[in-house]
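Take a look at the structure set out below.
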Amino acid sequence: MGVESTELEPQSWLAIDAGATRIRVAPILFCGRARLAGPVQQAHFDSPSGPARVALAAQMVRSVAAAAGWVAPFRVGLAWAGAPAADGMGTVAARYGPAIPDLVVRLSALLPLSNAPCLHSDARAALEGAASVHQFASAYALISGSGLGEAYFENGSSWTREHFQSRLGRACDFEYQGQDGESWLRAEAWRNQPPEPALAAMRALVQSRFEQVQPEVVALGGHFREWFMRGWISAELSQRWWSRPTLYLEPELALLGCVQMEHRRLTATAGLF
C-alpha cells in the first residue's frame, strides 16, 4: 500500500492566486498532495495600486483562515501574475496590473507568515494542480487571460520559466499571419473577433510546441473556458487535431498547484527532498 506522505499530520496552507483583475484565496490541506479544505474566496481588484492589492490579499487570507479555524503564523502558497524577481519573491514586470517588486515583503508586514513564499507562475501552478488531480505523466498548458501563459509538466514537476523559454521560446515570439501568439490569444484579442482566426492561431502555436515536445495531454485554462462553453473547441475536435486528450484547467487548480510547488521548494531547501 502506498504512503501519502512522511508527515504524520496534514499541513494547513493558505493559497493565493492573483491575476490582473481578480484574486482567489483558499484553505488547503497538504498531506502528500494538496486538496481544498473549504470554499474559495474571490474578489476583484478595485484599485490599480500595488499596495492596495497586497492589502486585499492579506485581508482575504485572514478571512479564509478565520473561517477554517486556523491561527497564525500562516503557511502561504503564492501565484501572482507577473515576471518574478531574481530571488523569486516579488513581481518585477507585469504587462497587465502593477509590478510589485517587494510583494512578499509587503505581505509579510501585514501577515504573520511561517514561510517567505516564492512567487510561482500561475500557469505552472494550474498545471501542477491538474497533474495531482488527473494523474497524467506529461502535459502542455496554454492559459488565456490578460496575457497568455504557458507551462510544461513532466517527470513529476513543471518546468521553470527559464527552462520553458530556453526549450520552446515564448508565445510572444511565435508569429502567425503577421501577429505574435499572445496578440492572437489573450482574452481581449479574440473576444470581439470571429473564432476561426483565433482557433487557427491556437492550433498553430500548439502544433509548433509539438516539434520540441510530445505531451500526453493538452491543457487549456483561463478564459479558454469560454471556447469550451461556446463549442468552439471540444474533446473530439482536439483529439482530431492533436491525437491526444484536451482538458480544461479549472480555476481552483492553481490554488492547489502553488501550494504543491511551495511545499516542494521548502522541503528541498531543508534538504529533505
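Compute the Rg to Rh ratio over the stretch 165-223 from the alpha carbon atoms, using the Kirkwood formula for Rh, and round to two decimal places.
0.96
Which far-off residues, 5 or more places away or on another chain, put their amide H under 5 Å from the one on ARG22, with H placed in the peptide plane?
Excluding prolines and chain starts, which carry no amide H, the hits are PHE45.
Per residue of the chain, what 222 nm ellipticity follows from adding -39500 (n - 2.57) for every DSSP H run with n ≥ 4, rounded to the nearest 500?
-11000 deg cm²/dmol
Rounded to the nearest 20 Debye, what is the dipole magnitude of the chain about its Cα centre when Lys and Arg each give +1 and Asp and Glu each give -1 at the C-beta?
About 280 debye.
Does anything in the stretch 230-273 have its amide N under 17 Å from the 7 Å Cα→Cβ label point of SER157, and if so which residues?
The answer is 257-273, whose backbone nitrogens lie closer than 17 Å to the label point.
If I histogram all Cα-Cα distances within the stretch 70-154 using bins 10 Å wide from 0, what percent of pairs lands in each bin?
17, 40, 32, 11
Using the charge dipole of the chain (Lys, Arg: +1 at Cβ; Asp, Glu: -1 at Cβ; taken about the Cα centre), state which of TRP227, VAL104, ALA198 has its Cα farthest towards the positive end.
Sorting the options by dipole projection puts first VAL104.
Between helix 195-209 and the chain, what is the angle of the helix's C-alpha long axis to the longest principal axis, kept within 0 to 90° and rounded to the nearest 10?
Between helix and principal axis, roughly 70 degrees.
Show the residues, 5+ positions off or on another chain, whose built amide H is closer than 5 Å to the amide H of SER114.
Long-range HN contacts for SER114: PHE74, ARG75, VAL76.
Over all directions, average the projected area of the Cα convex hull of the stretch 123-252 and note it in nm².
7.3 nm²
What size of dipole, in debye to the nearest 20, comes out for the stretch 32-154 about its Cα centre when the only charges are +1 on Lys and Arg C-beta atoms and -1 on Asp and Glu C-beta atoms?
Around 300 debye, computed over the stretch 32-154.
Just to be sure I understand: if I project the alpha-carbon convex hull of the stretch 11-120 onto a plane and average over all orientations, what area do I get in nm²?
Here the figure is 6.2 nm², rounded to one decimal.
Mind sorting ASP102, ASP17, ASP46 by how few other Cβ atoms lie within 10 Å of their own Cβ, fewest first?
Listed from fewest to most nearby Cβ atoms, that is ASP46, ASP102, ASP17.
Please compute the modelled spin-label separation between ALA83 and GLU236, points set 7 Å along Cα→Cβ, answer in nm with one decimal.
The answer from the label model is 4.3 nm.
Putting +1 on Lys and Arg Cβ atoms and -1 on Asp and Glu Cβ atoms, find which of GLN165, ALA52, SER121 reaches farthest to the positive end of the dipole of the chain.
The one lying farthest along the dipole's positive direction is ALA52.
Working from the alpha-carbon coordinates of the stretch 92-138, get Rg over Rh, Rh being the Kirkwood radius.
1.11
Using Cα atoms only, what is the angle between the long axis of helix 252-269 and the major principal axis of the chain, expressed in degrees (0 to 90) to the nearest 10?
Helix 252-269 sits at roughly 60 degrees to that axis.
Any idea what the relative contact order of the chain is, in percent, if you count C-alpha pairs under 8 Å spaced at least 6 apart?
Relative contact order comes out at 19 percent.
Could you work out the mean projected area of the convex hull around the alpha carbons of the chain, in square nanometres to one decimal?
15.0 nm²
Please give the length that would be gained between GLU211 and ALA66 if that part of the chain were fully extended, namely 0.36 nm times their separation in residues minus their C-alpha to C-alpha distance (nm, one decimal).
Separation in residues times 0.36 nm, less the Cα-Cα distance, equals 47.3 nm.
All of the numbers you see were taken from the coordinates with simple rules; none came from a lab. The structure displayed is predicted, hence computed values, not measured ones. A quick note on method: Cβ atoms are made from the backbone with ideal geometry, for glycine too, and the neighbour counts reach across all protein chains shown.
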